[in-house]
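So the structure is just underneath, and the comments pick up after that.
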Amino acid sequence: MFNIKNIWNYIRTVSGDNDYEVYLENFRRCKKHHKDVPLSRSKFFQSKLEGKWNKINRCC
Amino acid sequence: MKNIKNKIIWGLVSILGAFAFSLIALQREESINAIWFITAAICIYTVAYRFYSAWIATKALVIDESIQTPAVRLNNSRDFVPTNKWVLFGIHFAAIAGPGPLVGPTLAAQFGYLPGTIWILVGAVVGGAVQDMVILFFSVRRNGKSLGQMAKEELGVLAGFASLIGTFIIMIILIAVLGLVVVNAMKNSPWATSTVAATIPIAILVGFYMRFIRPGRVLEATAIGVILLLMAVYLGSVVDNSESMRSYFDHSGLFLAWALIIYGFIAAVLPIWMLLAPRDYLSTFVKLGTVIFLAIAIAILQPEIKMPAVTQFTDGSGPIFGGSVFPFVFITIACGAISGFHALISSGTTPKLIDNEKHIPMIGYGGMLLESFVAIMAMVAACVLEPGIYFAINSPAGVVGTEPNQIISKINSWGYAVTVEQMNQLAKDVGESTLFARTGGAPSLAVGMATIFANAFGKHLLALWYHFAIMFEAVFILTTLDSGTRVGRFMLQDMLGNFHPKLGQTSWLPSIILTSFIVVSCWGYFLYIGVIDPNGGVNILWPLFGIANQMLAAIALSVGTAILIKSDKISFAWITAIPLVWLLIITTTASYQKIFSEDIRIGFLSAASSMSKKINEGYVPEYGIDVAEKLIFNLKLDAGITIFLVIILWVVVIDVIRIALKTKFNKHKRKLSNV
């Protein structure tokens, strides 16, 4: 239950380090995307940042 | 058997919490150990979470595990993504935890440790955490709608407008006051200035790394950035020791304010990936790391609290900001107890990531409790300082004078022992030329944190710890400044788009430049006035920010109360109505006093008329007239803003009362916007 791998995975997920892997996994699972090509890592990262920072995202 | 064991455990936790809390509240003659603050906080939080949040979730909100959340129903792998509860807790906490819970308690310590500590604990449990959880729940039930949209749909167009304008005003005042905190920390400090300046190229370097060299590799880029930040703290001492390099970074407050204004404009115009996003990654890691480190250090060191439980400044004569303990301790603590700003996060990103409704108490209520715990640690860090040192650092020149002997004799006259030699030695130990009149909370918090860190992990490193703490505060204050300016720009573009569609396009460069300029000018103006104000600026800006933030919280609680009433849960409406009534009392009283008090350190209008009188009677030298006239205009402007905030708050509350009465007399056809 408590091991280094779990902690590492947690840090990667909270920080967004593995967002692209999660995106690819979701993309493959989701049938409606079958005809499309997934975004490149660079494009995905760019669009993620745009989406994240176009609204109130940090508090006082 | 298990049931009895549980009851015994929770009974013991409750008794320990009550004992620790009574020790904090009743101890007068002897000093008290900081560990009791931590014990009281942890016990109160766990009991409140286990019982109060669970009761609200099951009885009032009726959380239903079988209902699919928007993240599950509308999963698009981008905005709506079902997220593990622990991961979402981390994301939500990183979003709500800003500089507020650090600065507010540090300033409120002028009343002594007790008033602020009580409000941090009680306010969070009964108000702030309830607000965050209730708004999160209602937003989840409405496909992740924002507070503004919910206010508009449940209360009316005026309430929607009030939350929009309230958000914009908070953003402007918040950025100005946080800018002032950073400026006061960097003022005539080459070490602090060079370290903070170094965070800009470091963030840009990290941005380029994540964009071009290793796209999206957040952790490795952040690790490189954090190492560079630590090197920048060390290299700051090299700058400080070099006569030739010192001159490049030794600047007055006014120069630094202009530099920050220009920086703010450039940061708002630059692409997100270049500065804002990488700085946020750095600040989040530094922030979480430092807070954990501080908690460990307090647990190891168990420092004694030196500040008295209650000081004589509860009468309103405090040097840092004017105003009596009621209502100003509630206004000053701000985010550590209840923050309207949190409602924007709870109705923004977080509801779109909730995997199951049963996670709502942990994310909403639990997230706020952790933020409140940060505020408790800030209070401890401020109160482990000798009170004389605390007041010598935080008192502005306008109150205590400018000469060291003059400052010390003034502080001694209040009954707090401190000497010029002691302050000089402390300044030398932390690598500063002086620590007098560094109003704003950041330097005193840094001295407090550095003292704790140095005693726990190495006394000879006090100067490094101090500048690490300054860098830690500055790095996420600048993130708030960058992101706040950008959000202000989006809001303005949205509004201007109604008049000229092209101006509403967020990617059109002329619109970006124009709206960024307007937003930066707004907060830049308040920052400039704060810097030239001989009373330190914090005296005006922080209460104004506190009033605006609590007003937004009152609007969020009004939305929560209205939805509960309209959902036939009027018997549960008190859970949001009680904190709402309390916020209404404190914001209205504070606003009234800030506008009309005859004490010139509290009332905007009396301060303006006193200053005018001094000019007319020739007491102000010719070179000071220009500044005095600017201050007079600003005081009148602040009075106008405060009146405006109070009016829109009462309009919203009257709307809630109208809905309650109509519901009671069954004349109101209840229409809820939930899905």
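Descriptive notes on the structure:
- Extension gain from B:Ile625 to B:Ile296, taking 0.36 nm per residue of separation minus the Cα-Cα distance: 113.3 nm
- All other residues whose Cβ lies under 11 angstrom from that of B:Ile512 are scored, Lys and Arg at +1 and Asp and Glu at -1, for a net of +2.
- Normalised contact order of chain B, rounded percent, pairs of Cα under 8 Å and 6 or more residues apart: 24 percent
- Net charge over other residues, Cβ less than 15 angstrom from the Cβ of B:Leu180 (K, R count +1; D, E count -1): -1
- Shielding by partners for peptide B:207-220, expressed as the average number of C-beta atoms from other protein chains within 10 Å of each residue's C-beta, is 4.
- Each label point was placed 7 Å from the Cα along the Cα-to-Cβ direction; for B:Thr58 and B:Gln505 their separation is 5.6 nm.
- Within 10 Å of each Cβ in A:14-25, the average number of Cβ atoms from other chains: 5
- Computed from point charges on the beta carbon alone (+1 for Lys and Arg, -1 for Asp and Glu), the dipole magnitude for the range B:333-414 about its Cα centre is near 80 Debye.
- Sorting A:44-50, B:659-665 by their mean Cβ neighbour count within 10 Å, with the most densely packed peptide first, gives A:44-50, B:659-665.
- Placing unit charges on each Cβ (+1 for Lys and Arg, -1 for Asp and Glu) gives the range B:181-309 a dipole about its Cα centre, and among B:Leu228, B:Pro271, B:Ala192 the Cα reaching farthest toward its positive end belongs to B:Pro271.
- At an R0 of 30 angstrom, the distance between the Cβ atoms of B:Ala223 and B:Ile118 translates into a FRET efficiency of 0.15.
- Between 0 and 90°, nearest 10: helix B:420-429 axis offset from chain B longest Cα axis: 70 degrees
- Charge dipole (the protein assembly as shown, unit charges on Cβ, about Cα centre) - positive-most of B:Asn84, B:Leu16, B:Ile529: B:Asn84
- Highest-first arrangement of B:183-193, B:150-160, where packing means the average Cβ count within 10 Å: B:183-193, B:150-160
- Principal-axis tilt of helix B:35-47 within chain B, Cα atoms, nearest 10 degrees: 10 degrees
- Assuming charge only on the beta carbon of Lys and Arg (+1) and of Asp and Glu (-1), the dipole of the protein assembly as shown about its Cα centre is about 3220 debye to the nearest 20.
- Shielding value for B:94-100 is 3, the average number of Cβ atoms from other chains within 10 Å of each residue's Cβ.
- Working note: 222 nm ellipticity from helices only, DSSP H runs with n ≥ 4, each -39,500 (n - 2.57), summed and divided by the residues of the protein assembly as shown, gives -22500 deg cm²/dmol to the nearest 500.
Every number in this text was worked out from the coordinates using simple rules, so none of it is lab data. Please read these numbers as outputs of a predicted model, since none were measured by experiment. Cβ sites come from the backbone with ideal geometry, for glycine too, and all protein chains shown count toward neighbours.
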